[in-house]
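All remarks here apply to the structure that follows.
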Amino acid sequence: MKNINLGRVLIGGLLAGLILNIGEFLLNDVILGTQMREFFARYRIPDPGGSFMIVAVTLTFVMGIVLVFVYALIRPRLGPGVKTAVVAGLIMWFGIYIYTGAINGILFGIPLNVMLIAFVWGAIEYVIGAIAGAWAYKEA
């Protein structure tokens, strides 16, 4: 870790986190908003409040930082650049969207088409976030 520039991980991570937060807002409020409200109503889940939003946005920024940290970790093996950023983004996407999304989708009976929309959207979101974060990252 002596070559990892933690300051740049933070800067790139915040940029990636901003992109992820915008993507999550668009996915959950604009694209799947109707389906989300129907899901909440079906399971009698109250609408998320302000404290939930603070936690969600904060954790999404943390995910952006972790995303750029993963990029910095694999960069010596794969080289700097877009290809490595895409790999980092897909690693994070798999852990966030595919693993937890599939388990929760099956558990809560989320329709396959909704899950597929989220999976594709998440892949695009995480790859773009990773590319942006990698752009801001420079080795120490």
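For this structure, a couple of remarks:
- Spatially, region 64-140 and region 3-29 are offset by 11 Å when compared through their Cα centroids.
- Candidates per chymotrypsin sites (Phe, Trp or Tyr not before Pro) in region 33-130, loop by DSSP, up to 13 other Cβ within 10 Å: Tyr43
- Within region 44-118, trypsin sites (Lys or Arg not before Pro) in DSSP loop having at most 12 other beta-carbon neighbours inside 10 Å: Arg44
- In this simple spin-label model, placing a label point 7 Å from the Cα along the Cα-to-Cβ direction at both Ile45 and Leu78 gives a separation of 3.1 nm.
- Residue (of Phe52, Ala134, Ile4) at the positive-pole extreme of the chain, dipole from beta-carbon charges: Ile4
- Sites Phe108 and Leu14 - FRET efficiency at Förster radius 41 Å, r taken between beta-carbons, to 0.05: 0.85
- HN-Hα J in Hz across region 67-75 - Karplus 6.51, -1.76, 1.60, θ = phi - 60°, x for Gly and Pro: 4, 5, 5, 4, 4, 5, 5, 8, 4
- For P(r) over Cα pairs in 5 Å bins from 0, in percent, the value computed from the atomic coordinates appears in the list (i) 2, 9, 16, 16, 15, 14, 13, 9, 5, 2, 1, 0; (ii) 2, 10, 21, 25, 23, 14, 5, 1; (iii) 2, 11, 18, 21, 18, 12, 8, 5, 3, 1, 0 under label (iii).
- Filtered trypsin sites (Lys or Arg not before Pro), region 1-42: DSSP coil and at most 16 other beta carbons within 10 Å: Lys2
- Efficiency of FRET between Glu139 and Phe25 - r from beta-carbon atoms, R0 30 angstrom, step 0.05: 0.40
- Derived scalar couplings ³J(HN,Hα) [region 118-130; Karplus, 6.51 cos²θ - 1.76 cosθ + 1.60; whole Hz; x for Gly, Pro]: 5, 4, 5, 4, x, 4, 5, 4, 6, 5, 5, x, 5
We did not get these values from a lab; they are worked out from the coordinates using the rules stated. Everything quoted here is computed from the prediction, not taken from an experiment. In this analysis, Cβ positions are derived from the backbone assuming ideal geometry, glycine residues included, and neighbour counts consider all displayed protein chains.
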